[in-house]
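Read through the structure below, which is laid out as structure tokens, and then see the notes.
Just so you know, all these numbers are worked out from the coordinates, no wet-lab data involved. This is a predicted model, so every value here is computed, not measured. As a convention, Cβ positions derive from the backbone with ideal geometry for all residues, glycine included, and neighbour counts pool all protein chains shown.
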Amino acid sequence: FTRSGRRIYIAWQEKAENHLLTSTATDLQVTGNPAISTMKTIGSVALLGLVLLSCLSDLVTAQRRASCNSFLFSGKTSNVACPRNYEPVCGTNGVTYPNECSLCKDFFRNQALDKKHDGRCVKLDCTGFLRSAAGASIPCSLEFTPICGTNGITYRNKCHFCNAVANGLDVNLRSMGPCYQTSQDVTCTQQKGGNLVCTSDYNPLCGSDGRTYGNKCHFCNAVS
């Protein structure tokens, strides 16, 4: 540096140091003021709350029951082509859609919409019940609060009824409590031979021996 340049640099350095000392003193004074310190704390908590609220909002979005993004083409909500397979789902608007893709087409127009449960909409609240994987059994409690379906079958409790609905059974609520019906004949010609491999579907049948069988296959196994 030249002598004049050196003088300018030293003057700038002294000015910066004085500003730093003044700022530090001000910060110390602010920190020592309980009211201002409390306001700073409240501001920090409020900011943290906003961050947490944002995270919770993202979490709720991630937990949607309908997986609509898988039906998009090129990320455009206007380009949705749905298959014709019939796997009904119930929307939170009370409408039964032929499949999840059809529900998602309405979701892209109204993002407050979601899937209430798999299967047709029914008179009983089956919110959250989803179609089980092939061969999988969804566990239900042993609580006996029977429900009568429109198919004449008595379901042990709401869980068993809603599982049947979610897995595509065309049934609705007839009444709370057991079904009262006369005896019926069950044909087991398609289930000839013993030791049949049966599914875990719960469509109970009451046998003349007084036992309740989980479904027709289990009943026919006993008859064979």
I want to check the label-to-label distance for L196 and F73. Put each point 7 Å from Cα in the C-beta direction and report it in nm to one decimal. 4.4
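First select every other residue whose beta carbon is under 15 angstrom from the beta carbon of C148; then total the charges, Lys and Arg +1, Asp and Glu -1.
Surrounding charge for C148 is +4.
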